[in-house]
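Q: Before anything else, here's the structure in question.
No lab work stands behind these numbers, since they all come straight from the coordinates. All of these numbers come straight from a predicted model, not from anything done at the bench. Here the Cβ is made from the backbone with ideal geometry for all residues, glycine too, and neighbour counts use every protein chain on show.
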Amino acid sequence: MYSCVKTLTLLGLIGKEIRAEADMSEGLPVFEMVGFLGGEVKEARERVRTALKNSGVTLPPKRITVNLSPADIKKSGTSYDLAVAVSLLKLLGKIPPESADGMVVIGELGLSGEVLRVNGVLPMVIEAKGMGIKACMVPMDNVAEAKAVEGMNVIGVRSIEDARRYFEKGDTTGSDDKSKDNVSDEITVLNEAVCPDSEDKGHRNDLNTDADRKYDVDFSEVNGQEGAKRAMEIAAAGMHNILLIGPPGSGKTMLAKRLPTILPELDADERMEVTKIYSVAGLLKDGQGLISARPFVAPHHTISSAAMAGGGTIPRPGECSLAHRGVLFLDELPEFSRTTLEILRQPMEDKEVNIARAAASYTYPADFLLCAAMNPCKCGYYPDMTKCRCTDADVQKYLGRISGPLLDRIDICVEASRMEYKDIRGDSVNESSAVIRERVSRAVIIQHERYAGTNIRFNSDIGVKDIDKYCHLGRKEEKLMREAFEKIGLSARAYHRMIRVARTIADIDGSEEIRTEHLSEAIGFRNIDRRYWNG
């Protein structure tokens, strides 16, 4: 006797089809599970056996073998439990033999028979749709994210008994057709409660989203620091990496925390990308659908390099990936370990993190805006020698914790100067985040129109081969850049980043051409780091 139920596993964010095959034959009583299993999957044997017993189904004293196929893919996690249980129910004749045909089954089991939420349901369901599957059975707590996949019929269950009752009523394909004579009112209500008819009201990409972006902070609360606020606006408009340098209490962290309030809104594809990452990381709340606010991730400076990039025995997204399409804020930048900071270099260039393991390689997206803040020296007051207690050697040692290659990958470097009393107690009305975001949005629209049909999304994404095409310089502008290159001592990477920033400044001004004033402002954002790192 043989039965089979489809489920899925994840390699990074990529789903792979897994078949939970069950066979029963005469022989010594045994319940075996095979198929290149991790420790938690091997333990599924006892979870499934006990969950079935407590749901009124006892395994017979026969030789029962469950294989998770293909056997050359390492199986980890607990999402296979429900599929194994359904396969055994089919094998034992407790549900019709055609049950679960044409659907995938995902879920962890508690010993009581309860179906528990699992991580990574969204990318699994997206993969199932790509395989042509139109229905999935998932834990009730994962229903919201599963229903974010358009065209997928989602059946949410709280227990093995729910799943058994669903299949016994004959709706084995997960169809939305509720007119079947063999579907009872009880099961119809169950299915409609968690899976509205897809043609009318279900499976919307805006289901349970954080559609109204509400923040507890606003740029209107920031007095003074006009130069730094201008730099933040440019960084948001072109998704440029930015470094804030200044003494303690100058408002660096305050500015950084308000950066998400002026970023452009996530589009539909970006929402799906971000939600997939948080689903795999297990950071979605119960009942939460797509994430609509850009992430703001601020790890402590004691973070390890593995936690920053991702990894572990079962690789999970790191802070880099959790900041995808949002902001990665590193406060007190020189206090991070050198190894942790250098790990950022590759994702800042390639926009992804690659994690290699013996069993498989995992790739997680990591397209983030790096916002970093730091003091200019250990005591925090350099170059104000009336307050700074550091020697020149102390200052250079402190600044030397930030490598040249990392600095090269930062587009904008701006100084947050010491606050004056008139700035703190000023009566001036500051621009709100909404006003700044409106200018940012106009610049973003210009970029999207310019780069339509290409892989470029923002000015920061322009490749070296496309610089001349999208950032053409006139004769005066070319002369200015030549002088800046020679005087500041720019690397080729820093030169190209300066051009991209000038392109963003021109877009904010609504100018098709990059003019000298745009370049001058961009040069100023690179000249500041020369003041500190090159004396």
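Q: Quick check: net charge around GLU270, other residues with Cβ under 10 Å of its Cβ, Lys/Arg +1 and Asp/Glu -1? Mind showing how you got there, number by number?
A: Numbers: positive: ARG271, ARG294, ARG325, ARG457; negative: GLU265, ASP267, ASP269, GLU273, ASP367.
Net charge around GLU270: -1.
Q: Let me ask you something else. Among the GluC sites (Glu not before Pro) in segment 71-166, which ones are in a DSSP loop with at most 14 other Cβ atoms within 10 Å of the Cβ? Mind listing them?
A: Values: sites: GLU98, GLU108, GLU114, GLU127, GLU145, GLU150, GLU161; in loops: GLU98, GLU150.
Answer by residue number: GLU98, GLU150.
Q: How many angstrom lie between the Cα centre of segment 294-358 and the Cα centre of segment 1-55?
A: 34 Å
Q: Can you pick out the pairs among LYS16/LYS75; LYS75/LYS147; LYS90/LYS169; LYS147/LYS169 whose Cα atoms lie more than 20 Å from each other? Don't skip to the answer; put the middle values down first.
A: Numbers: LYS16/LYS75 11 Å; LYS75/LYS147 25 Å; LYS90/LYS169 14 Å; LYS147/LYS169 23 Å.
Too far apart for the 20 Å limit: LYS75/LYS147; LYS147/LYS169.
Q: If you filter segment 237-346 for trypsin sites (Lys or Arg not before Pro), then keep DSSP loop positions with at most 11 other Cβ within 10 Å, what is left? Could you put the intermediate results ahead of the total?
A: Values: sites: LYS252, LYS257, ARG258, ARG271, LYS276, LYS285, ARG325, ARG338, ARG345; in loops: ARG258, LYS285, ARG325.
Counting only loop positions with at most 11 other Cβ atoms within 10 Å, the trypsin sites (Lys or Arg not before Pro) in segment 237-346 are LYS285.
Q: Kindly identify segment 308-448 as rounded, prolate or oblate by the Cα gyration tensor criterion: order the square roots of the eigenvalues as a ≥ b ≥ c, call it rounded if a/c is under 1.5, otherwise compare a/b with b/c, prolate if a/b is larger, else oblate. Show your work: numbers first, answer last.
A: Numbers: a/c = 2.71, a/b = 1.29, b/c = 2.10.
Because a/c hits 1.5 or more and a/b fails to exceed b/c, segment 308-448 counts as oblate.
Q: Moving on to the next point. Would you please name the GluC sites (Glu not before Pro) within segment 1-66 that are DSSP coil residues with at most 14 other C-beta atoms within 10 Å of their C-beta? Each step should come with its number before you reach the end.
A: On the way: sites: GLU17, GLU21, GLU26, GLU32, GLU40, GLU43, GLU46; in loops: GLU26, GLU43.
Those satisfying the criteria are GLU26, GLU43.
Q: The list (1) 3, 13, 15, 11, 10, 11, 13, 11, 7, 4, 1, 0; (2) 4, 17, 23, 20, 14, 11, 7, 3, 0; (3) 4, 16, 24, 22, 18, 12, 5, 1, 0 gives values of P(r) over Cα pairs in 10 Å bins from 0, in percent, and only one came from this structure; which label was calculated from it?
A: (2)
Q: Another question, then. Is there a quick way to get the dipole size of segment 219-533? I mean about its Cα centre, with the Cβ of Lys and Arg at +1 and of Asp and Glu at -1; what is the value in debye to the nearest 20? Numbers along the way, then the final one.
A: Details: 44 positive and 44 negative charges, 116 e Å.
I would put it at about 560 debye.
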